[in-house]
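Structure record follows, encoded as structure tokens.
The values are calculated or read from the model by the stated rules, or taken from the named source; none is laboratory data. Small disclaimer: the values here were computed from a predicted structure and weren't measured. When we count neighbours, we look across all protein chains shown, and the Cβ atoms used for this are built from the backbone with ideal geometry, even at glycine. Just the protein is used for accessible areas: all its heavy atoms, side chains included, with ligands, DNA and RNA removed. Shrake-Rupley method; radii C 1.70, N 1.55, O 1.52, S 1.80 Å.
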Amino acid sequence: MRQAGRYMPEYRELRKKWTLLEICKRPELALEVTLQPLKLGMDAAILFADILLVLEPMGASFEFAKGEGPVVHEPVRDRAGIEKLRVFDAEEGLPHVLEAVRLIRKELDGKTPLIGFAGSPFTVASYLIEGGKSSDYRLTKNMMWSDPEAFSMLMAKIGEVVRRYLLAQVKAGAQAIQLFDSWVGSLTQDDYKEHVMPHVSKILKDVEATGVPVIHFGTNTQHLLELQRDAGGTVIGIDHRTPFMEAWRNIGENYAVQGNLDPLLLCAPPEVAKKRATQILEAVGKRPGHIFNLGHGIIPETPVDNVKAMIDHVHAESARIRAQ
Ligand code: CP3
């Protein structure tokens, strides 16, 4: 959940010299940033990269514009644009990311597991179609409904890129994979089933077959969690808006779940945040299969000390509860 990033002074320092994309393209810098949050005590490392990296080798250049977030230079909004997109092999299109995975694994030396990741076809397609971030996914939904065949072609192309990319990350040494379908919660169950699920299933089935645990994550997905479970994943991500234990019951207690502290609590008085974390941990009790995490990404304004205090608190509280 953006372990690294702007809330860390070391990261901001590095960003004075390099752009986000430059860091992603230089394995030794990606290594450095991946390691930065580990000193706070996280139990796993997440590869420093971005879900949008697949766009450039597909033929859609983009940048992270200051204050605006991602900007895709030529958004893809018709069949001609979709047909031009390239389905590439990860070792050829994103060799620097795979090199970063290998470097990080070597550096971590078996002590901390490394999580690789990618964006899911819907979430990546939304940036490609809208040209950047969107609040309503108007153009994405419009293509999905007005030309479902073209939309499906686009989803299949991104899906194949992501499938190969994740398999390559596992081959390079990633020990778990997280698939970010951050914006899929904007769809109804029927649209999810028809337009998204087949593409996501294909990716997850093949990645799960490698034997690494797969975390399937989205936000605003209270109504989609069971479909997401059916699409695939060893662990289902639950965002902070969703009642955790109820969601877990619905997903099934034989599944693992990840979540779900509101990331904004890390900007609140630490006593309040700690109390909420304890509530989650106590509700889970000794049941196995819970990965404590935020419900979504850390915001840049978060005080680092609060992150550190939360990690210590979660470790202490889970040890206390386990010993009861
Ligand atoms: O957690 C980590 O440290 C791993 C690295 C990581 C980044 N992006 C680096 C990054 C991960 C896991 C992501 C995933 C990602 N990227 C998602 C899915 C997760 C989620 O939040 O739902 C999405 C939707 C993106 C796309 C993206 N990247 C956006 C919309 C932005 C702009 C945000 C903004 O406010 O400007 C980014 C930029 C980005 N990617 C940053 C980081 C650390 C911000 C820091 C910077 O600009 O230097």
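Between 0 and 90 degrees, rounded to the nearest ten: what's the tilt of helix 95-108 against the longest Cα principal axis of the chain?
10
Which residues does a label at Asp262 reach in region 297-321, if reach means a backbone N under 18 Å from a point 7 Å past the Cα toward the Cβ?
From region 297-321, the list is 297-303, 306-307, 310.
Along the charge dipole of the chain, which of Thr140, Leu55, Gly297 sits closest to the positive end, that is, farthest toward it, with unit charges on the beta carbon of Lys, Arg, Asp and Glu (+1, +1, -1, -1)?
Working it through, the farthest residue towards the positive pole turns out to be Gly297.
222 nm [θ] for the chain, helices only, -39500 (n - 2.57) per DSSP H run of 4+, per residue, to 500?
Value at 222 nm, helices only: -14500 deg cm²/dmol.
Over the Cα atoms of region 261-301, each weighted equally, I'd like the Debye log10 I(q)/I(0) at q = 0.14, 0.23 Å⁻¹, rounded to two decimals.
-0.33, -0.78
Given Cβ point charges of +1 (Lys, Arg) and -1 (Asp, Glu) and nothing else, what value in debye, to the nearest 20, does the dipole of the chain about its Cα centre take?
Roughly 640 debye, rounded to the nearest 20.
Give the angle, between 0 and 90 degrees and rounded to the nearest 10, that separates the Cα long axis of helix 197-208 from the longest principal axis of the Cα atoms of the chain.
The angle comes out at about 60 degrees.
Would you mind checking Lys171/Lys308; Lys16/Lys39; Lys17/Lys274; Lys133/Lys193 for any pair whose Cα atoms are more than 26 angstrom apart? Intermediate results must be reported in sequence, preceding the final value.
Values: Lys171/Lys308 32 Å; Lys16/Lys39 21 Å; Lys17/Lys274 36 Å; Lys133/Lys193 23 Å.
Cα-Cα > 26 Å for Lys171/Lys308; Lys17/Lys274; rest within.
Compute a Gaussian network model of the chain, connecting alpha carbons closer than 10 Å, and tell me which residue from Asn254, Asn220, Asn306 fluctuates the most.
In the Gaussian network model the winner is Asn254.
Once neighbouring chains are kept in place and the probe is 1.4 Å, which whole percent of the accessible area of the chain is contributed by carbon and sulfur? Present the calculation step by step, with values, prior to reporting the outcome.
Numbers: 7280 of 14390 Å².
Carbon with sulfur: 51 percent of the solvent-accessible area.
What is the distance in Å between the Cα centres of region 240-297 and region 83-145?
After rounding, the separation between the Cα centres reads 26 Å.
Using a probe radius of 1.4 Å on heavy atoms only, what accessible surface per residue do you get for region 1-88? Whole Å² is fine.
The answer is 50 Å² per residue.
Determine the gain in length on full extension of the stretch Ser146-Glu63; use 0.36 nm per residue of separation and subtract their C-alpha separation, reporting nm with one decimal.
Fully extending the segment from Ser146 to Glu63 adds 27.0 nm.
Looking only at GluC sites (Glu not before Pro) in DSSP loops with at most 14 other Cβ atoms within 10 Å, what is the longest site-free stretch of the chain?
69-252
Evaluate E = 1/(1 + (r/R0)^6) for Arg6 and Ile321, where r is the Cβ-Cβ distance and R0 equals 25 Å; express this FRET efficiency to the nearest 0.05.
Numbers: r = 33 Å, r/R0 = 1.31.
Calculated transfer efficiency: 0.15.
When the gyration tensor of the chain is built from Cα positions, what are the square roots of 5 times its three eigenvalues, in whole Å, from largest to smallest? Intermediate values should be presented prior to the final figure.
Working: eigenvalues 181, 112, 71 Å².
Sorted largest first and rounded, they come to 30, 24, 19 Å.
Rounded if a/c is under 1.5, else prolate if a/b beats b/c, else oblate: with a ≥ b ≥ c from the C-alpha gyration tensor eigenvalues square-rooted, which is region 237-277? If you can, show how the numbers build up before the last one.
Values: a/c = 3.13, a/b = 2.72, b/c = 1.15.
Verdict is prolate for region 237-277.
Quick check: convex hull of the Cα atoms in region 1-78, volume per residue, rounded to a whole Å³?
Hull volume normalised by residue count: 112 Å³.
Taking the dipole about the Cα centre of region 9-237, with the C-beta of Lys and Arg at +1 and of Asp and Glu at -1, give me whichever of Gly233, Gly67, Leu187 is farthest to the positive side.
Among Gly233, Gly67, Leu187, the one farthest towards the positive end of the dipole of region 9-237 is Gly67.
Which percentage, to the nearest 5, of the DSSP beta bridges contained in region 9-237 is antiparallel? Kindly include the intermediate steps, with their values, before the conclusion.
Numbers: 5 of 19 bridges.
Bridges in region 9-237 are about 25 percent antiparallel.
Put a dot 7 Å past each Cα toward the Cβ at Leu38 and Lys84; how far apart are the dots in nm?
4.2
Against the longest alpha carbon principal axis of the chain, how many degrees, from 0 to 90 and to the nearest 10, is the axis of helix 270-284 turned?
Computed tilt is about 80 degrees.
Taking only Cα atoms and a 10 Å spring cutoff, compute GNM fluctuations for the chain and point out the largest among Asp239, Asp230, Asp50.
Sorting by GNM fluctuation, first place goes to Asp230.
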